[in-house]
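To start, the structure itself, in structure tokens.
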Amino acid sequence: MVCLECKKELDYLNHKNAMDTIGVELCEKHYSRMQKLIELNNTPLEAVQLYYGLKEAGVSAMLEWWDGKKSIDVAISRVKLNIEIETENGLMTHEQAMNDLEGDMHSFKNGFTTIRIPHILIRYYLNETVNNIIGIMEGLKANIKVI
Ligand SMILES: [Zn+2]
């Protein structure tokens with residue numbers, strides 16, 4: 001068991017603490033950094049899990065990336081892909097949905113594609129989710145070449 005950020009060996013307690021609260025393997029230093037980021041941005045835990053899932057698959061993403069208007073849960077700047085985690089399925093009001101749609105429109109105008117992923121997919125099917133995102137990245141890369 002090593003820290004996903006710095007590869008430091010984790011002892012049992014650090015490992016258990018990080019897994020029980022955030023769900024990723026982090027050393028004490030990176031755990032407390034991550035806790036601060038989560039508190040500051042109200043980051044869904046699944047965003048953190050996806051970020052590290054992508055990292056393990058060799059994809060460098062950014063967590064809580066500020067696009068000038070809003071903070072994106074996970075962004076992959078190389079292919080201009082924004083990933084938002086949906087945490088409240090079925091509870092969305094039409095105002096929230098319209099805000100999201102307008103946000104997506106602004107992103108599209110700036111050349112960014114937004115995809116929304118329900119948090120349960122990341123929690124239970126992280127590998128498949130990461131593989132699909134890699135497929136989307138390949139599609140975006142191919143389209144960028146055509147233009
Ligand atoms: Zn670390």
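The values are calculated or read from the model by the stated rules, or taken from the named source; none is laboratory data. Computed from a prediction, not measured in an experiment: that's the story for all the values here. Here the Cβ is made from the backbone with ideal geometry for all residues, glycine too, and neighbour counts use every protein chain on show.
Kindly provide the set of residues from segment 29-55 that are touching a residue at least 12 places away in the same chain (Cβ under 8 Å) and either in contact with a Lys or Arg (Cβ under 9 Å, 6 or more places away or on another chain) or in a loop (DSSP other than H, G, I, E, B) (or both), ordered by number. The answer is K29, H30, T43, P44, L45, E46, Q49.
Table: residues versus (1) acidic (D, E); (2) in contact with a Leu (Cβ under 8 Å, 6 or more places away or on another chain); (3) closer than 21 Å to N42 by Cα; (4) at pLDDT 95 or above.
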| position | (1), (2), (3), (4) |
| --- | --- |
| A75 | no, yes, yes, yes |
| R78 | no, no, no, no |
| G103 | no, no, yes, no |
| K109 | no, no, no, no |
| K141 | no, no, no, no |
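Here E5 fulfils each of the conditions (1) part of a helix (DSSP H, G or I); (2) under 24 Å from S71 (Cα atoms); (3) not assigned by TED's automatic domain parsing to the domain that holds I120 apart from (1).
Please go through segment 44-73 and give me each residue that is of a type in the set (S, T, N, Q) and closer than 17 Å to L121 by Cβ, ordered by number. Walk me through how you get there before you give the answer.
Keep residues of segment 44-73 that are of a type in the set (S, T, N, Q), which gives 49, 60, 71.
Q49, the sole residue that qualifies.
If you go through segment 13-29 and keep only what is within 13 Å of the ligand (Cβ to nearest atom) and of a type in the set (G, A, S), you end up with just A18. Annotation note: Cβ proximity below 8 Å between a residue of segment 1-15 that is in contact (Cβ under 8 Å) with a residue 40 or more places away in the chain and a residue that is among the hydroxyl-bearing types (S, T, Y) (sequence gap 6+ or interchain) occurs for L4/Y52.
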